[in-house]
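In what follows, a structure is listed as structure tokens, so that the remarks can point back to it.
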Amino acid sequence: MENHNEKIYLSPPHMSGNEQVYINSAFELNWIAPLGPNVDGFEREISSYLGVNAAAAVSSGTAAIHLALQLLDVGPGDRVFCSTFTFVASANPIIYQGAEPVFIDSEPETWNMSPQALERALKEAALEGNLPKAVIVVHLYGQSAKMDEILRLCDRYDVPVIEDAAESLGSTYKGKASGTLGSFGIYSFNGNKIITTSGGGMLVSNDVDQINKARFLSTQAKDPFPYYQHSAVGFNYRMSNILAGIGRAQLQVLEDRVTARRYIFNEYVLHLSELPGITFMSELENSRSNRWLTTLLLDEKEAGISNDKLIELLTAENIEVRQVWKPLHLQPLFNGCLYYSHCENHDVAEKLFTKGLCLPSGSAMTKEQQMRVINCIGNCLQPNVYKQTRLLG
Ligand SMILES: *Cc1c(COP(=O)(O)O)cnc(C)c1O
């Protein structure tokens, strides 16, 4: 019998069953190292899936961003523009490089980087003669940012773009894979992502030389000598051959995972969008979101319940829900950093943060589990509808 109170997680790992085949082959060949046939295979297979020239498998998405900044020669005193509405990992590597982050607000349609705010920031930076060395654009929750507009602006000022596609593997923008439009794209295979290697990341680019350099930097920058000679600072960032094996099997089911998450999103919309005060994240025209997490905005006045209260009630029912990311320009860590809002006196990310919620969206979630979440949210919101109707009557 189904356990009616088992914990429902936000986005737990979902293995295909085929992972063990690749792990076993690594053991049989004794390739228990941060290199080997699974690493090469995973890089080849993901490049072909994405339609890019080259990929470097690394230990995390954060490491991939760090390498991209290193390859773009970002150093002390340089500025890097970054979406403010994101996980801290998008911006931490800017600090590792001793550079200065400048945060760019979201726009209301995609919740991602506002081209308007970016334009103001670039204009001002150009006037000051202090253009950024790179712009990090994040595609949050699987939703693509407005890349045409963003790339046009960055081209105008000749600033390279790094796409943080950690959450958008399997998403597309105008027919192209999310993360393949800028100079570099990065993906994450952390345990909560749409596919996982337990921990890992990928740096991709059409510039094969740069990806070769990334592999060199990620293995301690050993010069091609028969002994250990080094002339640059390197990192120990390569992906293990065992974890790459998990990645190869996960990549084979990526399209199924996208289908499952999109189905889950549609079910939530079907059952919850009639409730007062609920708006789901939309999908940008000509793009496909992987719907990594179903996210919605809750209007406290209309819904008759606060975000915090709803989280508390769902948590008591053993259902994991989370607030959306807290904007980075509001983090104590980034106190004093420059920030450009969507328009003068109109902060979008801050508003999203106060209203936004992420619902359980794991691709292995059963219909029964999802109905438990849906019923629970309905019960939390509907008594208030009843009260309001009575008051109005
Ligand atoms: C998960 C995530 C990262 C970091 O990836 P790791 O593999 O955990 O280092 C970066 N950016 C975003 C938006 C993420 O969600």
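The values are calculated or read from the model by the stated rules, or taken from the named source; none is laboratory data. Predicted, not measured: the structure shown is a model, and the values here were computed from it. Glycine gets a Cβ as well: all are built from the backbone with ideal geometry, and neighbour counts include every protein chain shown. SASA here: full protein model, heavy atoms, side chains in, ligands and nucleic acids out. Shrake-Rupley method; radii C 1.70, N 1.55, O 1.52, S 1.80 Å.
Provide 111, 31 ordered by accessible surface of protein heavy atoms (probe 1.4 Å), highest first.
Descending accessible area places them as 31, 111.
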- If one puts a single equal scatterer on every Cα of segment 125-192 and applies the Debye formula without solvent, what log₁₀ I(q)/I(0) results at q = 0.15, 0.26 Å⁻¹? -0.48, -1.11
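Two decimals, Cα atoms only, Kirkwood Rh: what is Rg/Rh over the chain? Before the final figure, lay out the partial values.
Details: Rg = 21.9 Å, Rh = 22.0 Å.
Result: Rg/Rh = 1.00.
Based only on Cα atoms, what mean projected area does the convex hull of segment 50-106 have, in nm²?
Numbers: hull surface 18.6 nm².
Here the figure is 4.7 nm², rounded to one decimal.
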- With a ≥ b ≥ c taken as the square roots of the eigenvalues of the C-alpha gyration tensor of segment 27-161, please select rounded if a/c is under 1.5 and otherwise prolate if a/b is larger than b/c or oblate if it is not? prolate
- Item | Ordering of 34-40, 356-362 by packing [mean C-beta count within 10 Å, highest first] | 356-362, 34-40
- Message: Whole percent per 5 Å bin, from 0 to the bin with the longest distance: what is P(r) over all C-alpha pairs of segment 19-252?
- Response: 1, 7, 15, 19, 19, 16, 11, 7, 3, 2, 1, 0, 0
- Task: Largest first and in whole Å, give the semi-axes of segment 152-311's equivalent ellipsoid, each being the square root of 5 times a Cα gyration tensor eigenvalue.
- Result: 39, 19, 16
- Item | Charge context of residue 230, other residues only, Cβ under 12 angstrom, K/R +1, D/E -1 | 0
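Can you order the peptides 171-179, 371-379, 198-206 by their average number of other Cβ atoms within 10 Å per residue, highest first?
Details: 171-179: 19.6, 371-379: 17.7, 198-206: 23.6.
Highest mean packing first, the order is 198-206, 171-179, 371-379.
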- What is the projected area of the convex hull of the Cα atoms of segment 254-386, averaged over all directions, in nm²? 10.2 nm²
